[in-house]
Amino acid sequence: MGVTLAGAAALGLGGYFVRQILTPALGAEDETVLAVGDGTITLQRTPGSSAPGRYGLYWQAFSGHARVGAILHEDADSVTRELLGVDTGTVVPGPARLNGYFFPAPSTNDGTSLEEATYDGPLGAMPAWVSEPDRPHGDVWAVLVHGRGASRAEALRAVPLLHDLGLAILVPGYRNDVDAPSSADGRYHLGLSEWRDIEAALAYAVERGARRIVLFGWSMGGAIVLQLLDHSAYADRVVGVVLDAPVVSWRQVIDFHAVAHRLPLALSHTGQRLIGQSWSKVLGGVSMPLPIPHTDWIARAGELRVPTLLIHSEDDDFVPYGPSRDLADARPDVIQLETWQRALHCREWNVDSERWRSVVETFLRARLDATGPGAATE
């Protein structure tokens, strides 16, 4: 009986742990504004508030947005930074969230016009932002996929470069976004179902003239992109991929979080096995099996075919850097790895936007020149 109870407890705890990763949730307001001055803002010192670069600042459940810049002064308790602009609301002392969403959705403050659009997806009408310049770069569309617990605004940092290159731009949502249809279980599926929504976005782009596609993915958006390349009928149109802090091995990401929460790895492995079983819907809380080995692209590295730029910070505190390094080591013929420092998770652009733009532009120009107009199949 003791063994049975212990086994049941392990299943329950394992299922609970993994469900936290599968449950959609927006980030908390985990920074504190201490003071607002003339062109300055002072924040309580944290790893995020003391990192170099430019960031978005949100407050009151994302209803207010400001842009903050360089550090002007710092001490043991506080960091004073440039206040570059307030886009919505009024900044006052109190709780806030500092993140990588530098531009206020759906604007990029540089004249780029992004329009609201919808397309038919497997679960119904899906939201998107779209920009179709008068003279796009031939037939190329860039499709930008945000990450777990994020919003489409995460992808806006790439838009000015893509606009300057003359590409059409599509920023789609996917299931369980706050403004998109929910899946039957209301859970993330680690890219194993979400890719179908992005495939529907690609169908929208193809209907509007896309023959070549470049894919961008941030965090879990990278996992979605990799599943899309594995399954989609439009995969042969993809001529290049840019992944920013991507999940290339859910096994290692889940283990990373187990260690961070001081949980035994056995519990993580139990949870991973649990959600991969067809009989585990109740304990796992998912409506379909999620085979974790199928999401391990280090083990599947030999299957990768599309040239990929992989950007990742060594100090990423949510998706570990190690798997990206290992994947690049396994396929240097396909993957170009660009390593950042002090960018935490998905903030490489924010820490050094000039370098980010340079490496992405160089990669994209090479891919567009290599494929040429009309190189993809009809």
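Between Arg347, Arg342, Arg325, Arg357, which is of a type in the set (Lys, Arg), surrounded by fewer than 22 Cβ atoms within 10 Å (Cβ to Cβ) and out of contact with any Leu (no Cβ under 9 Å at 6 or more places or on another chain)?
Numbers: Arg347 fails: surrounded by fewer than 22 Cβ atoms within 10 Å (Cβ to Cβ); Arg325 fails: out of contact with any Leu (no Cβ under 9 Å at 6 or more places or on another chain); Arg357 fails: out of contact with any Leu (no Cβ under 9 Å at 6 or more places or on another chain).
On inspection, the qualifying residue turns out to be Arg342.
The set of residues from the stretch 289-317 being closer than 15 Å to Gly217 by Cβ and hydrophobic (A, V, I, L, M, F, W, C) comprises Trp297, Leu304, Val306, Leu309, Leu310, Ile311. Screening Gly285 on (1) in contact with a Leu (Cβ under 8 Å, 6 or more places away or on another chain); (2) closer than 27 Å to Ile213 by Cβ shows it passes everything except condition (2).
Residue by residue through the stretch 208-225, note down the ones that are of a type in the set (D, E, K, R) and either modelled with pLDDT of 95 or more or at positive phi (or both).
Result: Arg212, single match.
Scan the stretch 308-317 and give yes if some residue there is modelled with pLDDT of 95 or more, in contact with a helix residue (DSSP H, G or I) (Cβ under 9 Å, 6 or more places away or on another chain), surrounded by fewer than 17 Cβ atoms within 10 Å (Cβ to Cβ) and not in a helix (DSSP H, G or I), otherwise no. Looking through the stretch 308-317, at least one residue is modelled with pLDDT of 95 or more, in contact with a helix residue (DSSP H, G or I) (Cβ under 9 Å, 6 or more places away or on another chain), surrounded by fewer than 17 Cβ atoms within 10 Å (Cβ to Cβ) and not in a helix (DSSP H, G or I).
Scanning the stretch 312-342 for residues being within 18 Å of Gly100 (Cα to Cα) and small (Gly, Ala, Ser) gives a total of 1. Can you spot a residue in the stretch 152-162 that is within 18 Å of Gly209 (Cβ to Cβ) and surrounded by fewer than 18 Cβ atoms within 10 Å (Cβ to Cβ)? Within the stretch 152-162 (the criterion being within 18 Å of Gly209 (Cβ to Cβ) and surrounded by fewer than 18 Cβ atoms within 10 Å (Cβ to Cβ)), the answer is no, since none of the residues qualifies. Restricting the search to helices (runs of 4 or more DSSP H) fully inside the stretch 172-266 and requiring at least 2 residues that are aliphatic (A, V, I, L, M), free of Cβ contacts under 8 Å to residues at least 12 places away in the same chain and surrounded by fewer than 18 Cβ atoms within 10 Å (Cβ to Cβ) gives 250-260.
Does the stretch 339-347 contain any residue that is charged (D, E, K, R), touching a residue at least 40 places away in the same chain (Cβ under 8 Å) and within 21 Å of Phe256 (Cα to Cα)? Yes. Is it the case, given these coordinates, that Glu31 is closer than 30 Å to Arg175 by Cα and modelled with pLDDT of 90 or more? For Glu31, the condition - closer than 30 Å to Arg175 by Cα and modelled with pLDDT of 90 or more - is met.
Considering every residue within the stretch 271-283, establish whether at least one is within 18 Å of the chain's Cα centre (by Cα) and either buried (at least 16 other Cβ atoms within 10 Å of the Cβ) or in contact (Cβ under 8 Å) with a residue 40 or more places away in the chain (or both). No; the residues of the stretch 271-283 include none that is within 18 Å of the chain's Cα centre (by Cα) and either buried (at least 16 other Cβ atoms within 10 Å of the Cβ) or in contact (Cβ under 8 Å) with a residue 40 or more places away in the chain (or both).
Take Val238 and decide whether it is not aromatic (Phe, Trp, Tyr) and not assigned by TED's automatic domain parsing to the domain that holds Trp356.
It is false that Val238 is not aromatic (Phe, Trp, Tyr) and not assigned by TED's automatic domain parsing to the domain that holds Trp356.
Do we have Arg305 as in the same structural domain as Ser193 (by TED's automatic domain parsing) and assigned to a helix (DSSP H, G or I) here? Considered against the rule, which asks whether it is in the same structural domain as Ser193 (by TED's automatic domain parsing) and assigned to a helix (DSSP H, G or I), Arg305 comes out as no.
The values are calculated or read from the model by the stated rules, or taken from the named source; none is laboratory data. Everything numeric here is computed off the predicted structure, so don't read it as measured data. No Cβ is skipped: glycine too gets one built from the backbone with ideal geometry, and neighbour counts run over all protein chains shown.
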